[in-house]
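Notes follow the structure.
The values are calculated or read from the model by the stated rules, or taken from the named source; none is laboratory data. Quick caveat, the model's predicted, so the values are computed rather than measured. Virtual Cβ from ideal backbone geometry, glycine too; neighbours counted across all protein chains shown. Just so you know, the surface numbers come from the protein's heavy atoms only, side chains and all, with ligands and any DNA or RNA stripped out. Shrake-Rupley method; radii C 1.70, N 1.55, O 1.52, S 1.80 Å.
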Amino acid sequence: MIELKKTYSPEDIEDKWYVFWEQNGYFKPNPNATKAPFCIVIPPPNVTGSLHMGHALNATIQDILTRWKRMSGHKVLWLPGTDHAGIATQNVVERELSKEGIDRHKLGRETFIERVWKWKAEYGGKIIHQLKKIGASCDWSRERFTLDEGLSAAVREVFVRLFEEGLVYRDNRLINWCPRCHTALSDLEVEYEEIEGKLYSIKYPLTPPVRIEGGYITVATTRPETMLGDTAVAVHPEDERYKDIIGKNLDLPLTGRKIPVIADAAVDPAFGTGAVKVTPAHDFNDEAIGKRHKLKSISVISEDGRMSAEAGERYSGLDRYICRKKIVEDLRELDLLEGDKKYLHSVGHCYRCKTIIEPLLTIQWYVKIESLASEAVRAVQDKTIRLIPDSWENNYFAWMRDIKDWCISRQIWWGHQIPVWCCPDCKGEDGTPPQGEIIEHIFFEPVMLRAGIKATGGIYSELKKLGMSHEEIIRNSKIIRISKKVKPICQREELTECPKCGSKNIIRDPDVLDTWFSSALWPFSTLGWPQETEDLKTFYPTGVLVTGFDILFFWVARMIMMGLKVMKDAPFRDVYIHALVRDSKGHKMSKSKGNVIDPLVMIDKYGADAFRFTLAAFAAQGRDVRFSEDRVEGYRHFINKLWNAAKFIVNNEELWAKQPLHGHDKDLDLPGRWILSRLAFTAEEVNRNLGNYRFNDAANSIYQFVWHEFCDWYIEFTKPVLYHGSSEEKAAVINCLFFVLEKIIQLLHPFMPYVTEELWNTVFEQSKSIMISQYPVDLPKYPDAEEQMDYIISAITGIRSIRGELNIAPSLEMRAGIKTASKEVEDVMKNNLTAIMKLTRCKEINIGADIRKEKGSAVSVRDKMEIYIPIEGLLDIKSEVERLQKEKSKIDDSIATLNKKLLNEDFLKNAPRVVVEKEKAKFDDFVHKKEKIEENIKLLKTVSSKQ
RNA sequence: GGGCGAUUAGCUCAGUGGGAGAGCGCUUCCUUCACACGGAAGAGGUCGCAGGUUCAAUCCCUGCAUCGCCUACCA
């Protein structure tokens, strides 16, 4: 005896089934699967993360695909994991420490990292748990972490290979620096934001003899503090105002230095005064100008955002913004400040902590990107990799063309430490000892300031001179960068002594790699590379990558580059780029805006199934999703509908043959064959749409089928049989009901795993899971049944609509007549008369007979039939006449337009014959309808005059 | 500045070179034995504006407007 609860309550069953699936190993690749392997690697969420809408959409789509592929017979692996998220995680733990009043430097590197691991063990599993809540069918036995041993080995291997090929190198150049995180950032990690600042105009006096009016040049800047590092003023070479003074010197205020006026075409003479201060050490454009003119770079700001020793005694050690104020004051006092005005400009911020970034001159590691990028472009061009929707291709190409070398070193502790060492005790190739050169730059400000040491170059030796030991310097240094002049030793294994001279003083480069470096290896490192594992052979390249466009460049492009470079094959065939989930007003959801909808709250409220179905239905290609809770509620109703349909079907369990349906098709009545045909059509559509990543279309076609075809029509058609039919008739219908229900829940399973599993287990199989059943495919169709049912449905709809429009009480049984254009249609009607009568509450229906002759009747024209209903005494005649007249005038308009069209010779000559025929038929139809309406009006008027 | 996308029913959004769609909301009727988280019948749109191509444009092209996103620059 099958028993279903009165209503479906997700909270009672979701966790139970999840555990059941996992314990039975259904998430693991099925070794007996016959079809090709299919693998998805999850975009690893940050360990610090908690599930947001983006993750939910992302995971739902992947789960739909994996469940579908699994049921379709593929060997499926969905490989999960998390990302160590260097800066983000370090920030989280640092914040925690600061509550205890501890600075990470006090703890020291090793202790700090231990602390982060501890944090990870405690809180890092949160997002995994949340993914399980929404039903993600990941193989958790293969879960990876970007910092685990295997992945770290992969990172070292790739780094060393690229190093050996000369594709990673060090350089001293301007980079984006976050003074709060104390690290370099890649261009992508900088977010630009419009803010209101001030534009200051500063006078730079011309060194006498004066050759220009007023004796000075005015330059404009939003960052006056950088003027301390100016090494030139640039003007456009053809600017008449300044032609005479190019090559002359200016007195740089507040510094006592003299700087030249140079000519450079990059200067826009129309902007401001047409003269630009040039600060090669703190501005990207100025750096370029500086290179062209071989200017010196003077770094006046140091890594923590304070002014460096180079800024001069008066300013060094000041915070950059305090210094800005002070400089403005000082300039004003010297009468060198011409003015200031409010100014809106965009300023780079750190994407992790929102601090304003500072361009700084530092030594960093880079990946030479050009050759990698061109391979990655080719892979997309020749369709080795498909971007879906393909509108992203242009974006991708544009970005890849302009790509700059990738800065991969970060001055933090949490991450993959760069596998590079150097030895301070070895002699250089020319025989001179590298001592004093080995460490080019130490961030060691208090000591430096006290000792009056300049911020760049030779600090190590300066500190040594002060009597500090090697160990002391290393220990107390916040940031060390090994000099470019020293040849690094790059290798896969840990180094404890110098391989050349055996010295134990060996120093490892303290920098770690950009988090995205390890993410870039994710599709193969997770499968076991660099080892030749079975998984790697089976699942690489993976099938599809599902991701949002926000990390297309951060991650996808880099995976493509690394995959092609290291594996000699693209990491995936398809990249499905889904929408960004926004709030109902179209804004990005963010904590600071307070417009975040928590997926877990949605799951609690509506169940994971309804929530997932909503996301799928929203996931139209190429557009952002504006999430609205109403939709979730709507789909929860859908689940309820499904549940109740199942309940209805289960009520008839006794006569269920529990046999496969096929082979017995001929026993089925017309509605039965019709619903099977519709089912076949739906299954075909769902399979096709899933194959094309059209999740919304797939979801909608099942929805439409279940509710508006299966429930609204088929179940209603079965009722007369179930209540009054013979036991053979009943058995056939019941078998069909169970069969269709089974296929429905299978079709729905990828979208709604929980409720379908619950139904499957209670109704169909007791032990096995729906997860491992066969997804519906290639079901038989019955086109004739579909055609015939269309007539019946339109007859029923026609009668109902007259009923509704004429306000005939539902309880009132009535008579109707149906006249059709063909004998076949009439036969179909006659064969299904009982059902039609039941569904329309007619006590008598005459097929083919014209009952107008007996009494006045309302007439409705539908498709190929006319429907008559005696109207005497049934309606409000006056308003009905009004309505009909309105409708008539509408039809008159349509007839006029069509008539014009059909008299148009060009149309008749050029339009396809089918179209012309269609239009003609439409015209006839309208004329016919008009006649009937006129008849009705006449009739009503006669009736009303009698009353 | 460059690029991309959007503009369709009250709201959220699908869609197509030849009949304007869905969900929610709304109106009317129905507590009929799966389901009121329901059923039936309806109302509601010059498919942003202006041109062009075509026998035919909501769809293709051009321009404009509004909104959004990406990207570069902003001395």
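Data for the structure
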{"quantity": "When residues of the range A:622-659 are limited to those that are within 6 Å of RNA strand B (Cβ to nearest atom), at pLDDT below 80 and in contact with a Ser or Thr (Cβ under 9 Å, 6 or more places away or on another chain), the one farthest from A:Tyr8 (Cα to Cα)", "calculated": "A:Arg626"}
{"quantity": "All helices (runs of 4 or more DSSP H) inside the range A:710-812 with 2 or more residues being open to solvent by less than 10 Å² (accessible area, probe 1.4 Å), farther than 22 Å from A:Ala608 by Cβ and touching a Lys or Arg at 6+ places or on another chain (Cβ under 8 Å)", "calculated": "A:783-805"}
{"quantity": "Residues being free of Cβ contacts under 8 Å to residues at least 40 places away in the same chain and within 11 Å of RNA strand B (Cβ to nearest atom) - total across the range A:362-400", "calculated": "5"}
{"quantity": "Count of residues meeting criterion [crowded, with 23+ Cβ neighbours inside 10 Å and over 44 Å from the mean Cα position of the chain (by Cα)] in the range A:262-280", "calculated": "1"}
{"quantity": "Tabulated pairs, the range A:892-918, first open to solvent by 60 Å² or more (accessible area, probe 1.4 Å), second of a type outside the set (Val, Ile, Thr) and near RNA strand B (Cβ under 10 Å from one of its atoms), C-beta under 8 angstrom, 6+ apart or interchain", "calculated": "A:Lys901/A:Phe907; A:Lys901/A:Glu919"}
{"quantity": "Condition broken by A:Ile792, with the remaining ones in (1) more than 15 Å from RNA strand B (Cβ to nearest atom); (2) touching a residue at least 12 places away in the same chain (Cβ under 8 Å); (3) not small (Gly, Ala, Ser) satisfied", "calculated": "(1)"}
{"quantity": "The range A:581-616 - residue that is open to solvent by less than 60 Å² (accessible area, probe 1.4 Å) and near RNA strand B (Cβ under 8 Å from one of its atoms) and, of those, modelled with the highest pLDDT", "calculated": "A:Arg582"}
{"quantity": "Wholly within the range A:320-389, strands (runs of 3 or more DSSP E) carrying at least 3 residues that are among the charged types (D, E, K, R)", "calculated": "A:337-350"}
{"quantity": "Where a residue in the range A:327-347 is among the aromatic types (Phe, Trp, Tyr) and its partner, wherever it lies, is open to solvent by 40 Å² or more (accessible area, probe 1.4 Å) and within 11 Å of RNA strand B (Cβ to nearest atom), with Cβ under 8 Å and at least six apart", "calculated": "A:Tyr343/A:Lys198"}
{"quantity": "Residue in the range A:662-670 that is open to solvent by 40 Å² or more (accessible area, probe 1.4 Å), modelled with pLDDT under 90, more than 15 Å from RNA strand B (Cβ to nearest atom) and over 24 Å from A:Tyr723 (Cα atoms) present", "calculated": "yes"}
{"quantity": "Cβ pairs under 9 Å, 6+ apart, first in the range A:637-648 and of a type outside the set (Gly, Ala, Ser) and open to solvent by 50 Å² or more (accessible area, probe 1.4 Å), second more than 7 Å from RNA strand B (Cβ to nearest atom) and in a helix (DSSP H, G or I)", "calculated": "A:His637/A:Ala610; A:Lys641/A:Val706"}
{"quantity": "Neighbours by Cβ (under 7 Å, 6+ apart or cross-chain): first from the range A:690-707, open to solvent by 50 Å² or more (accessible area, probe 1.4 Å); second part of a helix (DSSP H, G or I) and hydrophobic (A, V, I, L, M, F, W, C)", "calculated": "A:Asn700/A:Ala617; A:Tyr703/A:Phe638; A:Trp707/A:Phe638"}
{"quantity": "Residue check for A:Arg161: surrounded by fewer than 17 Cβ atoms within 10 Å (Cβ to Cβ) and more than 30 Å from A:Met53 (Cβ to Cβ)", "calculated": "yes"}
{"quantity": "Some residue of the range A:345-363 being open to solvent by 60 Å² or more (accessible area, probe 1.4 Å), modelled with pLDDT of 85 or more and more than 26 Å from the chain's Cα centre (by Cα)", "calculated": "no"}
{"quantity": "Of all residues making up the range A:211-253, the number that are open to solvent by 10 Å² or more (accessible area, probe 1.4 Å), touching an Asp or Glu at 6+ places or on another chain (Cβ under 7 Å) and within 11 Å of RNA strand B (Cβ to nearest atom)", "calculated": "1"}
{"quantity": "Residue ID - most open to solvent (accessible area, probe 1.4 Å), chosen from residues in the range A:48-81 that are among the hydroxyl-bearing types (Ser, Thr, Tyr) and in contact with a Ser or Thr (Cβ under 6 Å, 6 or more places away or on another chain)", "calculated": "A:Thr48"}
{"quantity": "Residue match in the range A:681-702 (condition: part of a helix (DSSP H, G or I), more than 30 Å from A:Arg626 (Cβ to Cβ), acidic (Asp, Glu) and within 16 Å of RNA strand B (Cβ to nearest atom))", "calculated": "no"}
{"quantity": "Subset of the range A:299-326 (residues that are of a type in the set (A, V, I, L, M) and either open to solvent by 20 Å² or more (accessible area, probe 1.4 Å) or within 14 Å of RNA strand B (Cβ to nearest atom) (or both))", "calculated": "A:Ala309, A:Leu318, A:Ile322"}
